[in-house]
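*Asks:* Input: one structure, supplied below.
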Amino acid sequence: MKRLESKQSIDVLLPGGTETILLAEDEELVRGLTQQMLEQAGYRVLVARDGLEAFQMYQTHGHEVDLLLFDVVMPNLSGPDAYMRIAQIRPDVPILFVSGFASDFLKKSTLPLQHSTLLRKPYSIRELRQSVRDQLDAR
């Protein structure tokens with residue numbers, strides 16, 4: 001019989017950390033699940049419902065933020081537009097964009113790819129945690 005690994009032993013195999021991540025995601029379910037996955041990995045997560053709220057949160061807590069994790073398409077202010085505003089304050093801030101849209105759409109968007117990485121939705125816990133860790137370690 002094959003032995004199933006416990007959730008705790010799987011968590012040990014996935015990368016994690018203690019840094020602070022500013023998460024901007026307009027879909028409530030995705031936002032909650034992503035926050036939970038990151039917090040279980042040891043990260044501190046500041047949560048925004050859209051790009052405008054993320055920008056406002058960054059103005060208050062920017063000195064604490066180690067990574068931006070922004071959905072590309074959001075109401076009020078898109079992820080790329082929020083990032084561009086934040087980059088005027090801190091040009092070296094690491095960014096990880098997430099999107100469920102097709103790559104053709106993203107090629108036409110204003111996604112600042114030269115300064116970012118794109119994680120495609122839906123993503124697994126492993127993909128999320130590895131992408132976050134890669135972005136943080138690349139600084």
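Please treat every number below as a calculation from the coordinates, not as lab data. Please read these numbers as outputs of a predicted model, since none were measured by experiment. Because the Cβ atoms are built from the backbone with ideal geometry, glycine has one as well, and the counts that use them run over all protein chains shown.
*Asks:* Can you tally the net charge around Phe55? Count Lys and Arg as +1, Asp and Glu as -1, for every other residue whose Cβ sits under 10 Å from the Cβ of Phe55.
*Replies:* Details: positive: Arg85; negative: Asp50, Glu53, Asp81.
Around Phe55, the charge tally is -2.
*Asks:* Got the relative contact order for the range 17-137 handy, in percent, Cα pairs under 8 Å and 6 or more residues apart?
*Replies:* Details: 196 pairs, mean separation 28.8, N = 121.
Dividing the mean separation by the residue count of the range 17-137 yields 24 percent.
*Asks:* Any chance you could run the full-extension gain for Leu14 through Val73? It's 0.36 nm times the residue separation minus the Cα-Cα distance, nm to one decimal.
*Replies:* Gain on extension, Leu14 to Val73, equals 18.5 nm.
*Asks:* Run the dipole for the range 17-137 about the Cα centre, Lys and Arg Cβ at +1, Asp and Glu Cβ at -1, nothing else charged, and hand back the magnitude in debye, nearest 20.
*Replies:* On the way: 12 positive and 17 negative charges, 48 e Å.
Dipole magnitude for the range 17-137 comes out near 220 debye.
*Asks:* Something else about it: Given points 7 Å out from each Cα along the Cα-Cβ axis, report the Arg44 to Met84 separation in nanometres with one decimal.
*Replies:* Placing both labels 7 Å beyond Cα along the Cβ direction yields 3.1 nm.
*Asks:* In terms of the Cα gyration tensor, with a ≥ b ≥ c the square roots of its eigenvalues, is the range 17-137 rounded because a/c is under 1.5, prolate because a/b exceeds b/c, or oblate? It would help to have the intermediate numbers written out before the result.
*Replies:* Numbers: a/c = 1.33, a/b = 1.07, b/c = 1.24.
It comes out rounded by the Cα gyration axes.
*Asks:* Multiplying the sequence separation of Glu28 and Ser124 by 0.36 nm and subtracting their Cα-Cα distance, what value in nm do you get?
*Replies:* Working: separation 96, 0.36 × 96 = 34.56 nm, distance 1.73 nm.
That works out to 32.8 nm of additional length.
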